[in-house]
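The values are calculated or read from the model by the stated rules, or taken from the named source; none is laboratory data. Bear in mind that the values here come from a model prediction, so they are computed numbers and not experimental data. Methodologically, a virtual Cβ is constructed for each residue, glycine included, from the backbone with ideal geometry; neighbour enumeration extends over all protein chains shown.
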């Protein structure tokens, strides 16, 4: 077959095997459970501090947008705690009751984060609309402006710290997303209340009463698409949908190399992703009388090494070689 191996003599048909990747190369791209939980604790502590400041500042200043930002942070505390607990359970690995592990907790928690953030935006929008209908609200723009600057610095720092870690953990990526959304909200506050200060000096102070609730409406509209995407993507995982192209592409490249090396025809490939776990099922149709179990195992080991080197996931690999095409349909 031109692959450096002796021609596979006749032998028994191989049995399908499932292999969980423990290849050392995967540890370079996947964050450890301990590091993931440590990062979540740091984020939770920072969120708690920001939530206390936001709620107190919002109540004292009478600003809806500042209070909205504080409530947004309060919701974030609970969601981070939930993610922390999920990370601990996922790290426990398979058990007698959960033989495939509990990686499904990861997309489930992210979906709950999306729902909670979307509900927060919905509540803020309704409250802001009622305020506008009531004639607006009196807010000291300088106070809200200073809060916006403080919140922007904190949220920007949180996002910058979590972003590189989020490339190796979906829970941390979702956490970084909430900090980015908070930073966007803070930018809106700085710009809006800077304009209100300018309006107060140019004879348009009466319109400044609507700046606070209008800003809440705009912020809610700008923030809403992100949790909608979170919900949509995680539901795809929970419903066992196919992962996106950025995962398919390296798998296909690895399979092409294996097929060329061992003289195999193009297989049937099925992929499924649940949290940090990637299920890879590959079915080859071969001349059964020429392949031994040991030869099939060489194919499995080679493919596992190739995939582990390029994918930052916990691989669950199932490679089947059969002589009957009916088994791969």
Out of (1) in a helix (DSSP H, G or I); (2) more than 25 Å from residue 124 (Cβ to Cβ); (3) without any contact (Cβ under 8 Å) to a residue 12 or more places away in the chain, the one residue 257 does not meet is (3)
Within the stretch 239-254, the residues that are surrounded by fewer than 15 Cβ atoms within 10 Å (Cβ to Cβ) and outside any loop (DSSP other than H, G, I, E, B) are 245, 246, 248, 249, 250, 252, 253
Does residue 136 count as assigned to a loop (DSSP other than H, G, I, E, B), over 15 Å from residue 275 (Cβ atoms) and either touching a residue at least 60 places away in the same chain (Cβ under 8 Å) or not assigned by TED's automatic domain parsing to the domain that holds residue 166 (or both)?
-> yes
Condition set at pLDDT below 80 and buried (at least 16 other Cβ atoms within 10 Å of the Cβ), scope the stretch 131-140, selection nearest to residue 58 (Cα to Cα): answer is 139
Just a yes or no: is a residue in the stretch 106-119 at pLDDT 85 or above and out of contact with any helix residue (DSSP H, G or I) (no Cβ under 9 Å at 6 or more places or on another chain)? no
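May I ask you to say which residue of 210, 193 is under 23 Å from residue 153 (Cα atoms) and part of a helix (DSSP H, G or I)?
193
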Condition set free of Cβ contacts under 8 Å to residues at least 24 places away in the same chain and not in a strand (DSSP E or B), scope the stretch 263-290, selection farthest from the chain's Cα centre (by Cα): answer is 265
Quiz item: Looking at this structure, is residue 92 farther than 30 Å from residue 278 by Cβ and either assigned by TED's automatic domain parsing to the domain that holds residue 223 or over 30 Å from the mean Cα position of the chain (by Cα) (or both)?
Solution: no
Of the candidates 130, 198, 112, the one satisfying the condition of being assigned to a helix (DSSP H, G or I), in the same structural domain as residue 79 (by TED's automatic domain parsing) and within 16 Å of the chain's Cα centre (by Cα) is 112
ask   = Would you call residue 101 crowded, with 19+ Cβ neighbours inside 10 Å and outside any helix (DSSP H, G or I)?
value = yes
